[in-house]
Amino acid sequence: MANAPLQLKEKDMKKTSSKAAYDRVLLKISGEVLMGKNEFGIDPATVARVANDVKEAVELGVQVCIVVGAGNIFRGVSGASSGMDRTTADHMGMLGIVINALCLQNALESVGVDTRVQSGIRMDEICEPYIRRRAIRHMDKGRVVIFAAGTGNPYFTSDTAAALRASEMNCDLIAKGTKVDGVYTADPMIDKEAKKYERVSYLDVLTKDLRVMDATAISLARENEIPIMVFSIREPGNFKKVIKGDGDFTLVTDS
Ligand code: GTP
């Protein structure tokens with residue numbers, strides 16, 4: 001069922017520059033999205049499609065920043081569970097994110113979207129270091145900022161990096177692009193009776209273990225009152241649709 005257009009929060013009323021319901025959005029993309037139908041790695045056609053989706057949002061006048069994961073390349077947690085040192089495994093995961101970030105940057109620039117990659121771990125020859133005020137300035141100039149290397153620290157996930165950067169950037173929304181079109185009472189791929197939530201509170205996500213994002217990310221978003229919109233990024237054009245308040249998604253919010 002399609003959601004009704006979103007109510008703007010009072011603080012948002014002052015910002016009227018974009019045609020969307022939000023002015024500054026952090027898009028979280030899991031690494032798996034970038035592999036398309038493959039079992040690992042990067043599918044260039046899928047990355048190009050995601051880049052087009054981002055372009056459509058930018059054309060609406062929305063400021064966009066992106067946090068990408070690395071599940072298509074390397075997962076720190078899996079590395080650790082197979083006997084690797086956790087910190088080393090997480091460092092490898094963060095380097096995987098940098099690869100995905102550079103790939104997204106290339107795809108976005110191919111369709112004419114100006115971008116900057118900022119990394120949480122310094123690698124000055126490859127991209128800019130993360131500097132909060134500079135990232136905001138880039139977005140004010142219409143550039144898409146891709147935050148790479150997660151939080152720059154082991155033991156955190158790219159979901160936590162998304163909530164952290166969204167908080168630092170004063171984003172109005174975390175848009176979490178996933179394989180499914182929202183949050184369900186159970187895994188819809190397994191349980192045919194699973195029902196989709198239109199809205200759900202942060203606390204319900206945590207207590208019912210709804211697995212939208214990890215608990216640290218949910219708590220951070222809750223503390224900073226940033227709604228999380230869960231939507232399917234597999235459907236072309238969906239990102240633009242959902243940030244206008246149309247289409248299918250679940251909103252995690254207390255309001
Ligand atoms: P404005 O000052 O707003 O115009 O920003 P700008 O990013 O265009 O200017 P700047 O001269 O800082 O950067 C020019 C280019 O160099 C951009 O593509 C940046 O991403 C890149 N750049 C800036 N700092 C670094 C860095 O520390 N490392 C790497 N690899 N690239 C950088």
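Bear in mind that the values in this text are calculations on the coordinates, not laboratory data. These numbers come from a predicted model, not from an experiment. Cβ placement follows ideal geometry from the backbone for every residue including glycine, while neighbour counts extend to all protein chains displayed.
Overview of values
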| item | result |
| --- | --- |
| Fraction of beta bridges assigned by DSSP in the chain that are antiparallel (%, nearest 5) | 10 |
| Helix-only mean residue ellipticity at 222 nm for the chain, each DSSP H run of n ≥ 4 adding -39500 (n - 2.57), per residue, nearest 500 | -11000 deg cm²/dmol |
| For region 106-203, radius of gyration divided by Kirkwood radius, i.e. Rg to Rh on alpha-carbons | 1.06 |
| Sequence of LEU102, LEU210 once ranked by neighbouring C-beta atoms within 10 Å, starting from the fewest | LEU102, LEU210 |
| Net charge contributed by nearby residues that have their C-beta within less than 14 Å of ARG116 (K/R +1, D/E -1) | +2 |
| Neighbour-limited loop hits for chymotrypsin sites (Phe, Trp or Tyr not before Pro), region 163-255 (at most 10 other Cβ within 10 Å; DSSP other than H, G, I, E, B) | none |
| For region 140-255, share of DSSP beta bridges that run antiparallel, in % to the nearest 5 | 35 |
| Principal axis dimensions, region 26-163 - Cα atoms, whole angstrom, descending | 46, 35, 27 |
| Residues GLU223 and ARG199, FRET efficiency given R0 of 25 Å [Cβ-Cβ distance, rounded to 0.05] | 0.85 |
| 10 Å Cβ shell holding at most 11 others, DSSP loop, GluC sites (Glu not before Pro): longest site-free stretch of the chain | 40-124 |
| Alpha-carbon gyration tensor eigenvalues x 5, square-rooted, for the chain, Å | 25, 23, 18 |
| With at most 16 neighbouring Cβ atoms within 10 Å, loop trypsin sites (Lys or Arg not before Pro) (DSSP) excluded, longest segment of the chain | 38-121 |
| Most fluctuating residue given options LEU60, LEU34, LEU26, as computed from a GNM of the chain linking Cα atoms under 10 Å | LEU60 |
| Gaussian network model of the chain, Cα within-10 Å springs - most flexible of THR185, THR207, THR160 | THR207 |
| 13 Å beta-carbon shell around ILE131, net charge (K/R +1, D/E -1) | +4 |
| Backbone N within region 47-64 under 17 Å of label point (7 Å from ARG132 Cα along the Cβ vector) | none |
